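Working notes, beginning with the structure itself.
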Amino acid sequence: MKTNQSATVGEKLQTAAFSFAQKGIESPRLEAEILLAHLLKTNRAGLFARLRDNFPEEKEQPWQDYIQKRLQNWPHQYITEEEEFYNLPFRVTPAVLIPRPETEELVTIVLHHLEKMKPPQNQNPQAVTIIDVGTGSGVIAVSIAHTFMTKSNIHTKTSDKKSLQIIAIDISPEALAIAQENANSNQVDHLIQFQQGDLLAAPAKQGRGEEKVHIIVSNPPYIESNTIKSLQKEVRQHEPHRALDGGPDGLDLYRRLIPQAAQKLHPQGLIALEIGYNQGQAVKELLQQANFQNIQIHQDYQNHDRIVTA
Ligand code: GLN
């Protein structure tokens, strides 16, 4: 019989997947693979290549810690402190929401608009300004900046800066620290200015505070307060409620943000908001009340209303 010391990577994986399954964790095998690959500093393909190797003894304690955390419903992203978004790596901690794939569409919509703005904007020496409200881990701001930087054939940091400026706002200083880190690691920190603030209420004025912005994008908290308790355990127990809770009907932040955005936005500007699947009509009305035109509701890959633009 094999002693514990000579257990293989494959056996460790099997045991962890089994205890995750017993706990009722969804996709237990995949969860175990993600965690073990991270622990062994490889990816899942690399892990499969090592299934017959002996499990390194010095990894035993950290592996037990990973398993314990996962059994306590920690999302694997908070254990590995990483998640991919828009094909880019991001650091996430319990100070920030884990980015969701639905939000990638919000980025695509903004990039599309940015693309359309280019011809007239080229003759205009003024930079395009985008505000990401409630930036959290910074995924929206960073992936817009990164795509812009790689697509525009301009490779020097100074010319990027002249043509795009992103302001990323969050109320949480802990979130801003993570967002800043993600901007640095993805090499777009020169394009993004981070500011602490409550929505658009008091962004620290960088000289010309009255200047209109071209795009306002936000994935604000939009869950109804009393439905938070029925969310998945991983979400409810470990993700920041401040990033989820949108008040009694989930619409509190839109009610405050939309009128502020109407003041701050260029007449030809774009607002793009992520919304809950049942909030399309209500958010549309809030936009109408603030005199926004050309309001469109976009569906996600599950055919739920997910984004509103105007
Ligand atoms: N903007 C971040 C994201 O889309 C955070 C959103 C939030 O915390 N509500 O993931």
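Since every read-out is calculated from the coordinates, none of them should be taken as a lab result. If you're wondering where the values come from, they're calculated on a predicted model, not measured in any experiment. Cβ sites come from the backbone with ideal geometry, for glycine too, and all protein chains shown count toward neighbours.
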Can you give me the relative contact order of the chain as a percent, contacts being Cα pairs under 8 Å and 6 or more apart? 14 percent
Rank ILE79, VAL92, ILE109 by how far each Cα sits towards the positive end of the charge dipole of the range 1-114 (+1 on Lys, Arg Cβ; -1 on Asp, Glu Cβ) and give me just the farthest. ILE79
Compute the helix-to-body angle for 252-264: its Cα long axis versus the longest principal axis of the chain, expressed 0 to 90° and rounded to tens. 40 degrees
First measure r as the distance between the Cβ atoms of LEU51 and ASN278, then evaluate 1/(1 + (r/R0)^6) with R0 = 41 Å and state the FRET efficiency to the nearest 0.05. 0.35
Just the number, please: percent antiparallel of the DSSP beta bridges in the range 83-309, rounded to the nearest 5. 30 percent
Which residues in the range 93-119 place their backbone N less than 19 Å from a point set 7 Å from the Cα of ASP65 along the Cα-to-Cβ direction? 93-95
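Roughly how big is the range 83-309's charge dipole about its Cα centre, with Cβ charges of +1 (Lys, Arg) and -1 (Asp, Glu), in debye to the nearest 20? Numbers along the way, then the final one.
Details: 20 positive and 25 negative charges, 132 e Å.
Roughly 640 debye, rounded to the nearest 20.
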List nothing, just return the count: lysine pairs in the range 1-91, 8 or more apart or interchain, with Cα separation under 21 Å. 10
Farthest toward the dipole's positive end in the chain, which of GLN165, ILE275, VAL308, given Cβ charges of +1 (Lys, Arg) and -1 (Asp, Glu) about the Cα centre? GLN165
Only helices counted: for the chain, with every DSSP H run of 4 or more residues adding -39500 (n - 2.57) and the sum spread over all residues, [θ] at 222 nm is -13000 deg cm²/dmol
Evaluate E = 1/(1 + (r/R0)^6) for ARG242 and SER6, where r is the Cβ-Cβ distance and R0 equals 45 Å; express this FRET efficiency to the nearest 0.05. 0.45
A correct fewest-to-most ranking of ASP65, ASP300 by other Cβ atoms within 10 Å would be ASP65, ASP300
Let me know the charge dipole size of the range 4-72 about its Cα centre in debye, to the nearest 20, where only the beta-carbon of Lys, Arg (+1) and Asp, Glu (-1) is charged. 160 debye
Please list the non-local residues whose amide H lies under 5 Å from the amide H of ILE131, H modeled 1.01 Å from N, same-chain partners needing a gap of 5 or more. ILE167, ILE215, ILE216, VAL217
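Computed over the Cα atoms of the range 264-310, what is the convex hull's projected area averaged over all directions, in nm²? List each step's numbers first, then the result.
Working: hull surface 12.8 nm².
The directionally averaged projection comes out at 3.2 nm².
So how many Å³ per residue does the convex hull of the Cα atoms of the chain work out to?
Working: hull volume 44.9 nm³, N = 310.
Taking the convex hull of the Cα positions in the chain, it is 145 Å³ per residue.
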Dipole of the chain, positive end: most advanced residue of ILE130, GLN14, GLY197 [Cβ charges, Cα centre]: ILE130
May I ask you to list the aspartates and glutamates whose Cα is less than 18 Å away from that of LYS212, ignoring any residue fewer than eight positions away on the same chain? ASP132
